[in-house]
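All of the numbers you see were taken from the coordinates with simple rules; none came from a lab. Predicted model, so just to flag it, every value in this text is computed and none were measured. Because the Cβ atoms are built from the backbone with ideal geometry, glycine has one as well, and the counts that use them run over all protein chains shown.
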Amino acid sequence: MSKKMIRNLSIVAIIVLLAVLVVANSFTIVDAGHTGVVVTLGKVNEGVLQEGLHLKAPFVQKVVKIDNRIVKLEVDTEAFSKDLQTVATTLAINYRVDTS
């Protein structure tokens, strides 16, 4: 092969690689049980993305995925009563982030 043909093939390969990178960065997937928050150049946009496939501006927008499933938090603690008896308690809290 000639040098001109190799140069043309390398230019085409670079263009195809750049096109694939742009297309791959144009989509984002928000998993089930998560909500996507769109950040454009460091600024949080209004609204959220629900579960599924979404378009975004490549290299400009970023989608931060927030888990909004129910999470259980348990804390074990001990305290003393007025007459110095030990009281052991377990506090359990179920919470989740509001999707809106």
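3J(HN,Hα) couplings calculated from phi for the stretch 29-43 with the Karplus curve 6.51 cos²θ - 1.76 cosθ + 1.60 (θ = phi - 60°) are, in sequence order, 10, 9, 6, 4, x, 10, 10, x, 10, 8, 10, 10, 6, x, 9 Hz; Gly and Pro show x. If you wrap the chain in the convex hull of its Cα atoms and look at it from every side, the mean projected area works out to 12.3 nm².
For the chain, lysine pairs separated by 8 or more sequence positions, or belonging to different chains, with Cα-Cα distances below 20 Å total 4. Taking the charge dipole of the chain about its Cα centre, with +1 at Lys and Arg Cβ atoms and -1 at Asp and Glu Cβ atoms, the residue from 58, 85, 32 reaching farthest to the positive side is 58. Only helical runs count toward this figure. For the chain, summing -39,500 (n - 2.57) over DSSP H runs of n ≥ 4 and dividing by all residues gives -7500 deg cm²/dmol at 222 nm. Mean-square fluctuations from a GNM of the chain, with a 10 angstrom spring cutoff on Cα atoms, peak among 65, 56, 43 at 43.
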